[in-house]
Amino acid sequence: MTAGSGSPVIPIPLGHVNAFLIRGTRPVVVDTGFPGSAPKILSVLQKEGYRPWDLGLIIITHAHLDHTGSAAALAGATGAPVLVHTAEADYLAAGTSAPVVPASLTGRFLRLMIGKHAPAPDLGVQAVIRINAPYRIDAFGINGAILPTPGHTKGSLSVSLATGEVIAGDLVTGLFPPLRARLPIFAEDAAEVKASIRVLLATAPATIYAGHGGPFPGSDVEALLQ
Ligand SMILES: [Zn+2]
Ligand SMILES: [Zn+2]
């Protein structure tokens with residue numbers, strides 16, 4: 001289930017959330033964890049033989065604090081530009097989160113526990129690159145593309161690689177036991193979730209990485225559509 005040695009994807013577990021390093025001529029980081037995660041991400045970058053200023057791009061799959069919390073710190077430490085969907089750029093800049101909309105009873109319960117978090121300007125960062133259409137990342141020596149995959153939030157993005165790997169953010173999740181793939185607990189646009197999963201499955205991925213739990217075989221995610 002985990003990727004073979006040929007995989008450019010290096011998962012970076014950050015407590016309950018995963019960030020990822022994608023190896024390339026200039027590596028790319030996908031998501032940044034909660035505030036305080038930048039040192040761990042930088043240490044993985046170094047372990048993989050890169051210097052901080054080698055980082056080519058910071059991709060934010062969506063503007064929830066568990067994914068954006070260290071974007072400003074990481075951008076500051078590396079000089080790398082931040083990329084986000086146009087629909088999420090204002091949340092990212094303000095240091096706040098896109099709406100957290102429960103998609104299930106579990107979600108409603110968790111939403112009460114999480115509550116709202118106030119804008120935190122020190123966590124905010126201006127995205128240099130804002131996209132609302134597929135975006136190739138070959139310029140970084142990575143054969144792949146960033147794809148809009150709305151559902152969990154309106155501006156959610158996924159990364160699809162020619163190696164048959166996908167990083168899906170919170171479009172699929174394995175946060176809670178038994179940790180197998182499930183549909184998101186929160187969905188700002190529930191009708192879009194399955195359509196976006198189909199977009200990813202159309203690339204026939206063998207492995208789907210998620211922001212929480214995972215990775216999952218593509219077939220497990222396909223089963224969610226039944
Ligand atoms: Zn999220
Ligand atoms: Zn998340």
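Any read-out appearing in this document is the output of simple, stated calculations on the displayed coordinates, not a laboratory observation. Predicted, not measured: the structure shown is a model, and the values here were computed from it. Here Cβ is always computed from backbone atoms with ideal geometry, including for glycine, and neighbour counts include all displayed protein chains.
Among 148-157, 119-128, sorting by the average number of other beta carbon atoms lying within 10 angstrom of each residue, highest first, gives 148-157, 119-128. Of all aspartates and glutamates in the structure, those lying under 20 Å Cα to Cα from residue 154, and not within fewer than 8 positions of it along the same chain, are 31, 66, 88, 90, 170, 188, 189, 192. For the chain, a simple Cβ point-charge model (Lys and Arg +1, Asp and Glu -1, everything else neutral) yields a dipole of about 160 debye relative to the Cα centre.
Overall, the ratio between the Cα radius of gyration of the stretch 72-226 and 2.2 N^0.38 Å, rounded to two decimals, is 1.05.
Once you treat every alpha carbon in the stretch 113-189 as an equal point and sum by Debye, what is log10 I(q)/I(0) at q = 0.14, 0.16 Å⁻¹? Once normalised to I(0) and log-transformed, intensities are -0.64, -0.81. Count charges around residue 185 for me, please; just the other residues with Cβ under 11 Å from its Cβ, Lys/Arg as +1, Asp/Glu as -1. Summing Lys and Arg as +1 and Asp and Glu as -1 gives +2.
Rounded to the nearest 20 debye, the dipole size of the stretch 45-137 about its Cα centre is 180 debye, using +1 on the Cβ of Lys and Arg and -1 on the Cβ of Asp and Glu.
Peptides 102-111, 78-87, 7-16 ranked from most to least packed give 78-87, 7-16, 102-111, packing being the mean of other C-beta atoms within 10 angstrom over each peptide's residues.
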